[in-house]
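A.B. asks: A single structure is presented below for examination.
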Number of protein chains: 6
Amino acid sequence: MEVLVSRKEHFNAAHKLYNPTWSDEKNKEVFGPCANENWHGHNFELIVTVIGTPDPETGFVIDLKKLSTLIRAEVTDKVDHKNLNLDVDFMQGKMASSEVLATEIWKILEPQIPVVSKTGRLHSVKLYETPRNFVEILA
Amino acid sequence: MEVLVSRKEHFNAAHKLYNPTWSDEKNKEVFGPCANENWHGHNFELIVTVIGTPDPETGFVIDLKKLSTLIRAEVTDKVDHKNLNLDVDFMQGKMASSEVLATEIWKILEPQIPVVSKTGRLHSVKLYETPRNFVEILA
Amino acid sequence: MEVLVSRKEHFNAAHKLYNPTWSDEKNKEVFGPCANENWHGHNFELIVTVIGTPDPETGFVIDLKKLSTLIRAEVTDKVDHKNLNLDVDFMQGKMASSEVLATEIWKILEPQIPVVSKTGRLHSVKLYETPRNFVEILA
Amino acid sequence: MEVLVSRKEHFNAAHKLYNPTWSDEKNKEVFGPCANENWHGHNFELIVTVIGTPDPETGFVIDLKKLSTLIRAEVTDKVDHKNLNLDVDFMQGKMASSEVLATEIWKILEPQIPVVSKTGRLHSVKLYETPRNFVEILA
Amino acid sequence: MEVLVSRKEHFNAAHKLYNPTWSDEKNKEVFGPCANENWHGHNFELIVTVIGTPDPETGFVIDLKKLSTLIRAEVTDKVDHKNLNLDVDFMQGKMASSEVLATEIWKILEPQIPVVSKTGRLHSVKLYETPRNFVEILA
Amino acid sequence: MEVLVSRKEHFNAAHKLYNPTWSDEKNKEVFGPCANENWHGHNFELIVTVIGTPDPETGFVIDLKKLSTLIRAEVTDKVDHKNLNLDVDFMQGKMASSEVLATEIWKILEPQIPVVSKTGRLHSVKLYETPRNFVEILA
C-alpha cells in the first residue's frame, strides 16, 4: 500500500511580476500592484509530498528529517530572505510567478528524492503565496 | 508542465437541511439540529482550483484577480449574507447541503473558466462548511 | 502566581442585525447586508478565560473538562444550530451583535466559575464572529 | 456527479519510533529524538474522506454525524490519550510511524463506510502528526 | 460594560532592516539575512482593537465596516504591495522593523477612531510579520 | 512608547496528570484519560512576549533571533521529544499540568530577558496544550 508523506517548509521573499519585453505601462496594466517597481513580498509556505511504500524496518516512506534537510539545502536556503527576481540563480530570466517558481522547485527536487528514499518519488509541490492564493504541481 | 492554481474566497450564509416531502418529525430525525426551523448558519470557505499551462508572457495559468472577480460575481455575491434556501436562485428546489451547493457552484464556474484563461479548465471546487466538515468536487 | 486558563468552544448560528424601532430602509442603511431579512449565519468561536492560582494537588486553576461542560450547558447548547434573534431566551429583545452576545455570555458564566473552581474567577470572554471580526470582554 | 465528503477528528497520543530488532544505538542513530525511551507525543489530526453520489432525498453522500461516530468508535476512542506502542491493539507488533498508523486506520474504516452510506466508499485517510509533518493514503 | 472590538486586515510588502549610519558589514552582523540588500518580504496581518461601550441602538462599539474602511484608507492601501523602506511616506527615515511600523500605525489610527465611533478609543495595534514573529502596542 | 514583541516556538512531548500521593483510582477519577499510566502527548505551542522600548539604532525591543535562541536553549531543547514527568529536570516532583509547566518556564526566562535586551522585560508566557486548551502567565 503506497502512502503520501508531506513536509511543510517556509521562506520569506521579495519579488515583482514584470515582463522585461513589455513597457512599464503594459506591466502595470497586466500585473497591477504586483508590478510595483520597488518590489513587494510574501511569507511563502512550501509543501513537498513524496509517494512510496513504507520501509518495513522503519515504517517510513522517507525520513522527514532528511526530506526537510533536502528542501532547505536545495530550495529554501536559496530563496529565504531573498529577492526572487534578482538573487535566485534558478529563477534568472524567468517570470517570478508562483506557477514558475513551483515548476523550478519541482525540477530541482524530483531527481533528488530517490537519493534519500528507497521507494519514494516526488508526488506534489504545493506553494502558498498567501493563504488565499496557491499553486500545486502534481505528478 | 501543468499547474493547479487556487483561489480561496469566503461567505457567511444561513441555511437549514429540510426535505419538504417529509414530515417535520422525519426531518428532525434525519437532520437533527441542522433541521432547526429558524435556521442556523456558517462561515463558508470556498476554494476554486484551475489547471492549465502557464502562459510564457505572464507566468500565469489564470490571473488570480480575474478568478477572484469571477467567483465573487457568479457565486459569493449571490450567497454572502443570504439564506441558501430562500434567497439564492440557483438553489431553489434543491437540498441546501454542502454537496449540492458545491455541485451547483461547479456547474456555474466550469463554463466560465475558459473565458478568463487561455489554457485553464476547472479542476476542483472545495467548500468548507466548518473547519471539520467539508466537501470537494474533482474533475 | 496567578495563571490564565482558556477553553475554546464553537457553535453555528443564524442571526441578523435589525433594530425593530427603525424602518426597513434605516436598517438596510445602517447594517447593510447584515440586515438581510432572511438571516445569514456564522461559525462562532468562543474562548472563555479563567484566572486563578493553581491547586497544588492537581496543578489546575480549573478542570478544563468541567469548564467545557459548563460552557456547553450554559451557552453553546443554547445557541448552537439556532437563530440568535428568535430561538435564544437570553437574547430576547436585544440586538444580536457580537458585542451584546458576548456581554450576555459574560453575565451567565461569571457567577458560575466559582462553582467549578476554588480560586478561579472569570477573566475574559472572547467571541469570533469570523476570523477577521471578533470581540472580547475583559475583567 | 461524485462528491468527496470529509470529516476531521483529533486525538492526543504518546509514541516512540523504535525497532525492537535493532540495538538502542541503531534506534537512536536512525530515529534520533523520536526514539526517546520515555516517549514523546502529538496532537494528531485525522481527516477521513468518502466519495460517492449525493442521495437525492438528503443531499448527503454520507451523514457526517454518522461518519464522525464511526471514526470515534473505531479509531479515535482507541488511540486518544493512549500510548500508540503499548495501548492500541491494532498497532501491536508494528512500527508506530504515521505511515503505518494511517494504513491501519484505512484497513479499519474501508469496510465500514458502506455500512453507513448507500453510495459512499473510502477515498482518503490523511493524518497530521504536526502541522508540518503529515501522511495520506489515497484510494 | 466595555467591549473590545477587533478587525483583522492584511497586506504584502517588501522591506529590509538596514541602519544607514552603519557600514554594510555591521548591518549584516546585526540584522543577518534581514539586511539582504535586494529586500525580502512578508504577508503582514494587522489587528486593530477598539474599546468602548456598545451603542444601544446598534449593539456596536464601532461599525466594523467603517473600521475596515478606515484601516484600508489610512494604512493598508499605503503599504500593500509596497516597499516599506522606499514607498511609504510615514516610514521615511525610520527603521523598517515591525515595532516601528506598528508604532506609526498607532499614531495614524489613534486620532481617527473617535471620528467613526461615539464611545470607542484605540486599544491595541497588533502586527504579525510571520505567524511566529509579532508585535503589539497596548493603550 | 512601549511595544510587546512575541516569538512562537513549539515542542512535542509526552506527559500524564498523576498525583503520586493519591491512589490510582483517585487519579483516574480526577484526571480521567489524562491519567493514562502509559502516557499521552501533545504538540505544544509556546509564545513568549517581551515588553520594552525599541532601540533607536535597530528598531528592536529585542532581537527575535536572540529570543528564539534563548527559548530553545533554556526551554524547548529540554522538553522537545521528551516525557515531561520523567525527563525534564525543572519539572521533577511537580504536577505536569500546563499551568505548572508555564509557571516553571516563566521562572527560567524572566531573569534571562535583560541579558539579551537592553530595555525589555518578560511580559507573558502563553502555552497551548491543544488549539482548544491553553494557559498564560501575565506580568
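The values are calculated or read from the model by the stated rules, or taken from the named source; none is laboratory data. Owing to the predicted nature of the structure, the values given are computational and were not obtained by experimental measurement. Ideal geometry is used to build each Cβ from the backbone, glycine not excepted, and the neighbour counts take in all protein chains shown.
A.B. asks: Just give me the residues in region E:97-109 being surrounded by 15 or more Cβ atoms within 10 Å (Cβ to Cβ) and of a type in the set (D, E, K, R), in sequence order.
C.D. replies: E:GLU99, E:GLU104
A.B. asks: Can I ask one more? Taking region B:48-59 as the search range and keeping residues that are at negative phi and assigned to a loop (DSSP other than H, G, I, E, B), which one is surrounded by the most Cβ atoms within 10 Å (Cβ to Cβ)?
C.D. replies: So, considering only residues that are at negative phi and assigned to a loop (DSSP other than H, G, I, E, B), the one surrounded by the most Cβ atoms within 10 Å (Cβ to Cβ) is B:PRO54.
A.B. asks: Being assigned to a helix (DSSP H, G or I), hydroxyl-bearing (Ser, Thr, Tyr) and either in contact with a Cys (Cβ under 6 Å, 6 or more places away or on another chain) or touching a residue at least 12 places away in the same chain (Cβ under 8 Å) (or both) is the requirement here; does B:SER124 meet it?
C.D. replies: Considered against the rule, which asks whether it is assigned to a helix (DSSP H, G or I), hydroxyl-bearing (Ser, Thr, Tyr) and either in contact with a Cys (Cβ under 6 Å, 6 or more places away or on another chain) or touching a residue at least 12 places away in the same chain (Cβ under 8 Å) (or both), B:SER124 comes out as no.
A.B. asks: Given (1) modelled with pLDDT of 95 or more; (2) surrounded by fewer than 19 Cβ atoms within 10 Å (Cβ to Cβ); (3) not aromatic (Phe, Trp, Tyr), where does C:THR119 come up short, assuming only one miss?
C.D. replies: (1)
A.B. asks: Something else about it: Any residue in region F:107-121 that is touching a residue at least 12 places away in the same chain (Cβ under 8 Å), closer than 24 Å to D:PHE11 by Cα and not polar (S, T, N, Q)?
C.D. replies: No, that holds for no residue.
A.B. asks: Could you please give the count of residues in region D:32-60 that are within 10 Å of chain F (Cβ to nearest Cβ) and free of Cβ contacts under 8 Å to residues at least 24 places away in the same chain?
C.D. replies: 7
A.B. asks: Sticking with this structure for a sec: Across region D:1-31, what is the number of residues that are touching a residue at least 24 places away in the same chain (Cβ under 8 Å) and either closer than 30 Å to D:THR53 by Cβ or over 18 Å from the mean Cα position of the chain (by Cα) (or both)?
C.D. replies: Matching residues across region D:1-31 total 12.
A.B. asks: Against the definition (under 20 Å from A:LEU64 (Cα atoms) and surrounded by 17 or more Cβ atoms within 10 Å (Cβ to Cβ)), how does D:ASN19 come out, yes or no?
C.D. replies: When the stated conditions are applied, D:ASN19 does not pass them.
A.B. asks: Say whether the condition of being surrounded by 21 or more Cβ atoms within 10 Å (Cβ to Cβ), more than 12 Å from chain E (Cβ to nearest Cβ) and polar (S, T, N, Q) is met by at least one residue in region A:73-96.
C.D. replies: No, because not a single residue in region A:73-96 is surrounded by 21 or more Cβ atoms within 10 Å (Cβ to Cβ), more than 12 Å from chain E (Cβ to nearest Cβ) and polar (S, T, N, Q).
A.B. asks: Additional query: Could you tell me whether C:THR119 is within 9 Å of another protein chain (Cβ to nearest Cβ), closer than 28 Å to F:ALA35 by Cα and not in a helix (DSSP H, G or I)?
C.D. replies: no
A.B. asks: So, one more: Test E:ILE62 against the criterion of being over 30 Å from A:ASP87 (Cβ atoms) and either small (Gly, Ala, Ser) or surrounded by 20 or more Cβ atoms within 10 Å (Cβ to Cβ) (or both), and give yes or no.
C.D. replies: Yes.
A.B. asks: Farther than 27 Å from D:ARG121 by Cα and away from chain F (no Cβ under 14 Å): which single residue out of D:GLU99, D:GLU104, D:GLU29 fits that description?
C.D. replies: Checking each option against the conditions leaves just D:GLU29.
A.B. asks: Taking the options B:GLU45, B:GLU74, name whichever one is part of a helix (DSSP H, G or I) and under 15 Å from the mean Cα position of the chain (by Cα).
C.D. replies: After ruling out the rest, the residue left standing is B:GLU74.
A.B. asks: Turning to a different aspect of this structure: Got a number for residues in region E:60-98 being on the phi > 0 side of the Ramachandran plot and touching a Gly at 6+ places or on another chain (Cβ under 9 Å)?
C.D. replies: 1
A.B. asks: With respect to the numbered conditions (1) farther than 26 Å from A:ASP63 by Cα; (2) within 11 Å of the chain's Cα centre (by Cα), which one is the sole condition not fulfilled by D:GLU99?
C.D. replies: With (1) farther than 26 Å from A:ASP63 by Cα; (2) within 11 Å of the chain's Cα centre (by Cα) applied to D:GLU99, the lone miss is (1).
A.B. asks: Related question: Give region B:1-16 a look and list any residue that's within 14 Å of chain C (Cβ to nearest Cβ) and either crowded, with 19+ Cβ neighbours inside 10 Å or not acidic (Asp, Glu) (or both), or say none.
C.D. replies: If the condition is that a residue be within 14 Å of chain C (Cβ to nearest Cβ) and either crowded, with 19+ Cβ neighbours inside 10 Å or not acidic (Asp, Glu) (or both), then B:LYS8, B:HIS10, B:PHE11, B:ASN12, B:ALA13, B:ALA14, B:HIS15, B:LYS16 are the ones that fit.
A.B. asks: So, F:PHE31, is that one in a helix (DSSP H, G or I), buried (at least 19 other Cβ atoms within 10 Å of the Cβ) and aromatic (Phe, Trp, Tyr) or not?
C.D. replies: Spelling it out, F:PHE31 is indeed in a helix (DSSP H, G or I), buried (at least 19 other Cβ atoms within 10 Å of the Cβ) and aromatic (Phe, Trp, Tyr).
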